[in-house]
Amino acid sequence: MKDSIEGGKNYFGSPVEEARTKMKELAWIKRIPEMWNKIKG
């Protein structure tokens with residue numbers, strides 16, 4: 001974990017990450033059921 005975070009950005013989560021990066025990850029996580037159903041056929 002970083003000892004300090006850069007100012008002027010929004011952060012989210014634990015461990016802390018830039019909010020924009022975390023939101024992209026969450027969007028992919030929400031798609032897992034859809035992708036799983038395609039794989040299963």
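All of the numbers you see were taken from the coordinates with simple rules; none came from a lab. Please read all numbers here as calculations on a predicted model, not as lab measurements. Using ideal geometry, Cβ is built from the backbone for each residue, glycine included, and neighbour counts are taken over all protein chains shown.
Data overview
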{"item": "Count of the chain residues which are among the acidic types (Asp, Glu) and in a helix (DSSP H, G or I)", "result": "2"}
{"item": "Selection within the chain - touching a helix residue (DSSP H, G or I) at 6+ places or on another chain (Cβ under 7 Å) and either aromatic (Phe, Trp, Tyr) or surrounded by 11 or more Cβ atoms within 10 Å (Cβ to Cβ) (or both)", "result": "Tyr11, Phe12, Gly13"}
